[in-house]
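Visitor: Structure in C-alpha cells, see below.
The values are calculated or read from the model by the stated rules, or taken from the named source; none is laboratory data. A quick note: this is a predicted structure, and the numbers were derived from the prediction, not measured. Cβ placement follows ideal geometry from the backbone for every residue including glycine, while neighbour counts extend to all protein chains displayed.
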Protein chains: 2
Amino acid sequence: MIANTPQAPYYAVIFTSIRTAHDNGYDDMSHKMVELARQQDGFLGVESARDEIGITVSYWKDLDSIRKWKNNAEHMIARKRGREIWYQSFKTRIAKVEFDYEFEKI
Amino acid sequence: MIANTPQAPYYAVIFTSIRTAHDNGYDDMSHKMVELARQQDGFLGVESARDEIGITVSYWKDLDSIRKWKNNAEHMIARKRGREIWYQSFKTRIAKVEFDYEFEKI
C-alpha cells in the first residue's frame with residue numbers, strides 16, 4: 001500500500017537491491033523486519049515492490065530515528081545476513097522529503 | 001538496475017502508484033517517458049519495480065531540473081492520461097538525498 005505519511009518534512013530511506021538466488025529464510029526475515037520497524041519510535045510507514053530489482057522505501061520522523069533503527073540489534077543481524085546471503089548488491093539512500101502530493105481517483 | 005548516481009547531495013522523486021485494470025498503451029508510454037527523462041538536463045538515473053504497488057524513483061541534480069521535467073509538454077500529456085486512465089492512486093514525494101552507501105558482493 002501507499003504509505004500514509006504525515007505532512008512534510010520527514011525522512012525516506014530508499015533501499016534498492018538485487019537479490020542472489022539464495023532464498024533460505026529471506027521472506028520470513030523480510031516480514032519480521034517490517035513488523036519490527038513498525039514498532040520503532042519515529043517510524044512513519046513503508047512501501048515495497050520487487051520485480052527485476054527490489055525497492056523498499058521506509059519513512060521516518062528524523063535522522064535520529066533512522067540511526068537508532070540501523071543500530072537495532074535484531075536489525076543488525078538481519079543486515080549482516082543480507083550481505084552474506086541474500087543480496088548481490090544494494091544501495092541505500094537517506095533523503096529528506098521536502099514536499100509531496102497525491103492523487104486518488106474518485 | 002540500481003542507478004549509478006553521483007556523490008550526494010542530489011534529489012529523488014519517489015513515485016508510488018496503484019494501477020487501474022486499464023492497460024491500453026501504458027507500457028509504451030512508460031517506456032517512452034523514461035527515454036524522454038534520460039534526455040533532460042539534470043537527470044541522474046531511475047529505478048523502478050512493480051508488484052502489488054509500483055515504485056519508481058528518479059534522481060535529479062536539483063529542484064529546478066525536477067520542475068522543468070514536470071512541465072515538459074510531452075510529460076504533461078502523459079501525466080494527464082495517467083490520472084484519467086492508468087492510475088487508481090499515486091503519491092509523489094520530492095526528497096533531497098543527503099547521503100548514501102552501497103554494497104556489492106565480490
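Visitor: For B:Ile14, indicate whether it is in a helix (DSSP H, G or I) and closer than 23 Å to B:Phe99 by Cα.
Guide: Judged against the criteria, B:Ile14 is not a match.
Visitor: Check whether at least one residue in the stretch B:67-76 is surrounded by fewer than 16 Cβ atoms within 10 Å (Cβ to Cβ), within 7 Å of chain A (Cβ to nearest Cβ), out of contact with any helix residue (DSSP H, G or I) (no Cβ under 9 Å at 6 or more places or on another chain) and at pLDDT 95 or above, and report yes or no.
Guide: No, the conditions are met nowhere in the stretch B:67-76.
Visitor: Taking the stated definitions as given, is B:Ser30 under 13 Å from the mean Cα position of the chain (by Cα), surrounded by fewer than 20 Cβ atoms within 10 Å (Cβ to Cβ) and closer than 23 Å to A:Ser17 by Cα?
Guide: yes
Visitor: State the number of residues belonging to the stretch A:94-105 that are surrounded by fewer than 16 Cβ atoms within 10 Å (Cβ to Cβ) and modelled with pLDDT of 95 or more.
Guide: Result for the stretch A:94-105: 6.
Visitor: A follow-up question, please. At pLDDT 95 or above, more than 16 Å from A:Thr92 (Cβ to Cβ), surrounded by fewer than 18 Cβ atoms within 10 Å (Cβ to Cβ) and among the β-branched types (Val, Ile, Thr): does that describe B:Ile53?
Guide: Considered against the rule, which asks whether it is at pLDDT 95 or above, more than 16 Å from A:Thr92 (Cβ to Cβ), surrounded by fewer than 18 Cβ atoms within 10 Å (Cβ to Cβ) and among the β-branched types (Val, Ile, Thr), B:Ile53 comes out as no.
Visitor: On the basis of being more than 16 Å from B:Glu52 (Cβ to Cβ) and either of a type in the set (S, T, N, Q) or in contact with a Ser or Thr (Cβ under 7 Å, 6 or more places away or on another chain) (or both), does A:Leu44 make the cut?
Guide: yes
Visitor: Starting from the stretch B:1-27, take each residue that is farther than 22 Å from B:Lys91 by Cβ and more than 8 Å from every other protein chain (Cβ to nearest Cβ) and list its partners that are in a strand (DSSP E or B) and charged (D, E, K, R), counting only C-beta distances under 7 angstrom and pairs at least six apart or across chains.
Guide: B:Pro9/B:Lys96; B:Pro9/B:Glu98
Visitor: OK, next. For the stretch B:37-59, how many residues are touching a helix residue (DSSP H, G or I) at 6+ places or on another chain (Cβ under 7 Å) and away from every other protein chain (no Cβ under 12 Å)?
Guide: 5
Visitor: Take A:Lys91 and tell me if it is at the interface with chain B (Cβ under 7 Å from one of its Cβ atoms), modelled with pLDDT under 95 and under 28 Å from B:Ile18 (Cα atoms).
Guide: No: the conditions fail for A:Lys91.
Visitor: Would you point out which residue out of A:Asp62, A:Asp51 is farther than 25 Å from B:Ser48 by Cα and over 14 Å from the mean Cα position of the chain (by Cα)?
Guide: A:Asp62
Visitor: Return the residues of the stretch A:28-64 that are free of Cβ contacts under 8 Å to residues at least 40 places away in the same chain and over 25 Å from B:Ala3 (Cα atoms); say none if nothing qualifies.
Guide: Matches in the stretch A:28-64: A:Asp28, A:His31, A:Glu35, A:Leu36, A:Ala37, A:Arg38, A:Gln39, A:Gln40, A:Asp41, A:Gly42, A:Phe43, A:Asp64.
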